[in-house]
Amino acid sequence: MSTPTRRALTLTPKPAYTLALLTGLYAAQGIPFGFFSQALPVLLREAGMSLKAISLSSLLFLPWALKFLWGPFVDQVGKPRSWLLPLQLCTAGGAAALSLVDLSQGFAMLFAALFVFSLFASVQDVVTDSIAVRLLDSRQRGLGNGIQVGAYRIGMVFGGGLLLYVYARLGSATMFLSMSMLLLLSSMPVLWLRLGKADAAASRTSARELAGGWWLRLREPGVIGFVALIAAYKFGDTMGASLVGPFMRDYGLSKEAIAIIKGSVGSSCGLAGAALGGWLAFRLPRRTVLLAFGIAQTASLALYAAAAQRIGGEPMIWAACIAEHLLGGMATVALFALMMDASDARHAGTDYSLYACAIVCMQGVAGFVGAAIGDAGGYTLVFIVSTVASALGCAALVVGLDRGVGPGLLRDVWAVRSST
């Protein structure tokens with residue numbers, strides 16, 4: 001069976017421009033996500049809505065979970081710039097239009113507008129990932145994914161904390177206008193983007209074939225096995241991380257202390273982890289960083305298990321949180337780079353979206369399993385189980401790729417990077 005090869009690009013932007021472009025686009029993705037997850041619940045609660053009603057805002061994330069459905073359209077229809085400019089203008093214009101909505105008159109219109117807003121943002125996410133796969137070579141992907149994770153987190157800070165502050169001081173109209181300006185600024189590098197179709201030689205494909213294109217990509221040799229490996233790699237870490245907040249609260253920490261540990265300190269360490277992980281993934285072989293970072297994120301979970309046994313007191317919780325965000329961020333960067341390695345440049349939007357959505361689904365399952373174990377046996381048990389699961393997942397990924405599990409593109413990159 002022949003191994004697929006990546007199609008050479010006729011117009012390759014300079015590395016500095018590519019990194020600036022990806023920084024702006026990934027920050028633009030983090031802005032609405034930060035607003036939906038952090039600022040919006042506060043607005044809804046202030047308006048007197050119940051916690052159950054506020055929980056319905058999670059439906060706004062549905063387009064992100066289904067983004068693999070429009071991956072084939074992004075890959076085969078139009079150029080990246082022809083997708084990004086209208087999408088970014090629509091989201092920026094939509095945010096500006098929301099400044100005219102009177103929140104005191106109800107939230108039905110706001111929810112409808114935000115759902116459309118989320119849909120546009122999820123399509124932009126697919127286009128951005130496609131660009132990253134096509135423009136970054138295997139060595140640059142570690143650095144590129146460090147930028148991806150870091151810029152996304154910064155966007156979340158702007159979309160959540162900064163916009164919430166603007167709302168508290170100046171009201172909702174100014175908040176939405178500020179969001180619009182942030183989205184426009186982050187989109188400026190797109191004006192200079194010159195990149196053709198992912199597969200300019202592809203034959204004309206019907207809408208029906210495009211709609212089922214993701215299923216054809218999922219059935220490609222090695223893809224399902226690779227999806228299982230990447231899910232296993234982060235399953236234990238996600239399981240433990242999902243219960244850190246409740247654990248801190250039940251341990252006796254105040255809400256203020258939790259906000260500082262998980263918010264300020266955790267976010268800072270997450271950014272540092274993304275930067276350090278990106279640099280190391282740029283310098284070292286892929287196998288080395290995935291194994292080392294996988295072991296490191298496993299060790300951070302062991303610290304939580306010790307804290308659950310009251311070993312080390314509150315300083316142990318601080319140490320565990322710092323390690324979780326720093327080392328977990330490094331592992332995430334390395335894993336995202338691997339996912340780009342496994343994506344065919346001709347189907348970059350579809351392939352990477354499939355892998356990313358698999359991670360999202362895994363996070364939901366891991367959170368449910370962790371909660372069930374925690375309810376049955378307590379925090380110590382769930383952190384021990386998550387530590388073991390993280391170690392086994394790391395071993396499964398490395399051993400599986402060593403034995404040739406995964407798409408053909410990945411096997412080539414893995415072999416080359418491991419022998420340098």
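The values are calculated or read from the model by the stated rules, or taken from the named source; none is laboratory data. Bear in mind the structure is a predicted one, so any value in this text is a computation, not a measurement. Glycine also receives a Cβ, built like all others from the backbone with ideal geometry; neighbour counts cover every protein chain displayed. Please note that ligands, DNA and RNA were not included when accessible areas were found on the heavy atoms of the full protein model with its side chains. Shrake-Rupley method; radii C 1.70, N 1.55, O 1.52, S 1.80 Å.
Brief remarks follow.
- Computed from backbone phi with θ = phi - 60° and the Karplus coefficients 6.51, -1.76 and 1.60, the 3J(HN,Hα) list for the range 387-401 is 5, 5, 5, 5, 5, 5, x, 4, 4, 4, 4, 5, 5, x, 5 Hz; x is used for glycine and proline.
- Note that the range 86-98 has calculated 3J(HN,Hα) couplings of x, 5, 5, 5, 5, 5, 5, x, x, 5, 5, 5, 5 Hz, one per residue in order, obtained from phi through the Karplus relation 6.51 cos²θ - 1.76 cosθ + 1.60 (θ = phi - 60°); glycine and proline are x.
- Cβ-Cβ FRET estimate between residue 216 and residue 249, R0 fixed at 35 Å, reported to 0.05: 0.15
- Where 182, 191, 114 fall by accessible area, highest first, once all protein chains stay in place (1.4 Å): 191, 182, 114
- Ordered from largest to smallest accessible area (heavy atoms of protein chains, 1.4 Å probe), the residues 233, 17, 165 come out as 165, 17, 233.
- Spin-label model, residue 65/residue 111: points 7 Å from Cα along the beta carbon direction are separated by 1.6 nm.
- Environment charge of residue 330, counting only residues whose C-beta is closer than 14 Å and scoring Lys/Arg +1, Asp/Glu -1: +2
- Taking all protein chains as shown and a probe of 1.4 angstrom, residue 295 keeps an accessible surface of around 100 Å².
- Among 298, 288, the order of accessible area from largest down is 288, 298, computed with a 1.4 Å probe on protein heavy atoms.
- Point-charge dipole on Cβ atoms (K/R +1, D/E -1) for the range 220-361, about Cα centre, debye to 20: 180
- Accessible area per residue was computed with a 1.4 Å probe on protein heavy atoms; residue 237 scores about 10 Å².
- Separation of the residue 319 and residue 256 label points, Cα + 7 Å toward Cβ, nm: 2.6
- Cβ-based net charge around residue 232, under 15 Å, with every Lys or Arg adding one and every Asp or Glu removing one: 0
- Here is how the number arises for the chain: DSSP H runs of 4 or more residues each give -39500 (n - 2.57), the sum is divided by the residue count, and the result at 222 nm is -23500 deg cm²/dmol.
- In this label model, residue 365 and residue 99 are separated by 4.5 nm, measuring between points 7 Å along each Cα→Cβ vector.
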